[in-house]
Amino acid sequence: MSSLRIKICGIRDPRTGYAAALAGADAIGMVLAPSRRQVTPEQAREICQALPPMVTRVGVFVNTPAEEVRQIAHFCGLDIVQLHGQESPDYCRNLGLRCIKALPARDRHTLEQARLYPVSAILVDAFVKGQTGGTGCTFNWHLLDDLDLKLPLILAGGLTPDNVGRAVALVRPFAVDVSSGVEVNGQKDIHLITAFIKRAREVCTYAAGY
Ligand SMILES: O=C(O)c1ccccc1NCC(=O)[C@H](O)[C@H](O)COP(=O)(O)O
């Protein structure tokens with residue numbers, strides 16, 4: 001068993017969340033921000049309640065007022081929130097919740113901002129103008145070369161069962177996150193989820209550091 005963590009994001013119903021957890025996902029993400037994958041707090045709560053224990057429940061937000069995030073997190077029973085907008089280090093500091101801050105892989109300068117954030121982990125996602133996440137686009141993973149984040153790194157952006165092995169071998173992240181790459185016609189596909197988890201874990205059996 002490897003220590004790589006795997007998060008499946010953009011879950012929209014309890015059955016798929018449960019199936020992903022049984023397939024070996026460590027964390028399940030629900031998008032509570034404008035997106036074709038957006039769920040209501042009530043739906044997110046149902047998904048959270050259906051998950052087995054030991055699976056991390058992640059709520060994804062984009063520039064949502066802090067009090068609203070706190071209320072939704074409490075209502076749903078989220079373990080951690082993932083912030084995909086322009087939330088500042090002070091916003092994260094004052095939120096009173098465990099946070100993952102997402103940063104776009106725009107350039108080295110953007111990624112170096114990670115050091116300013118008092119958060120549990122940094123998620124690095126593809127930079128796509130006008131979009132905040134879930135784009136299915138990859139980025140140049142070498143942008144992360146020798147980047148000493150001082151925080152656990154979650155790699156995201158266009159990962160698929162086909163490329164996750166290469167990504168993990170090159171970047172050696174703490175965790176990987178996927179949404180589009182495990183969908184067929186915009187719907188999560190349990191076969192792709194299972195294949196993604198298998199490929200991600202396989203590479204850890206020979207990649208040093210896991
Ligand atoms: O997934 C969305 O629709 C989304 C919308 C707005 C902000 C964040 C969003 N997703 C966050 C995620 O954690 C995704 O898994 C991550 O961006 C990677 O997505 P993908 O490139 O599709 O695998």
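Mean projected area of the Cα convex hull of segment 5-207, taken over all directions, amounts to 10.3 nm².
Here the chain is treated with +1 on each Lys and Arg Cβ and -1 on each Asp and Glu Cβ, and its dipole about the Cα centre works out to around 180 debye. Please give the net charge around Lys101, taking every other residue with its beta carbon less than 14 angstrom from that of Lys101, where Lys and Arg add +1 and Asp and Glu add -1. Here the count lands on -1. Extents of segment 1-85, taken as max minus min of Cα coordinates on every principal axis and listed largest first, are 39, 24, 23 Å. Looking at this model, which pairs from Lys129/Lys198; Lys101/Lys198; Lys7/Lys198; Lys101/Lys150 are more than 24 angstrom apart at the alpha-carbon? Check vs 24 Å cut-off fails for Lys129/Lys198; Lys101/Lys198.
The order of the peptides 29-41, 60-72, 6-18 by mean Cβ neighbours within 10 Å, most packed first, is 6-18, 29-41, 60-72. Annotation: amide H of Thr56 within the under-5 Å range of Ala27, Ile28, sequence separation 5 or more or interchain, hydrogens built in the peptide plane. DSSP assigns beta bridges within the chain; of those with both partners inside it, close to 5 percent run antiparallel. Within a straight-line Cα-Cα reach of under 16 Å, Lys188 can be paired with the following aspartates and glutamates, leaving aside sequence neighbours fewer than 8 residues apart in one chain: Asp13, Asp177.
Here, each number is a calculation from the coordinates, and none is a lab measurement. The structure presented is a predicted model; accordingly, all values stated were derived computationally and were not measured. Heads up, the Cβs are rebuilt from the backbone with ideal geometry, glycines too, and the neighbour counts pull from every protein chain shown.
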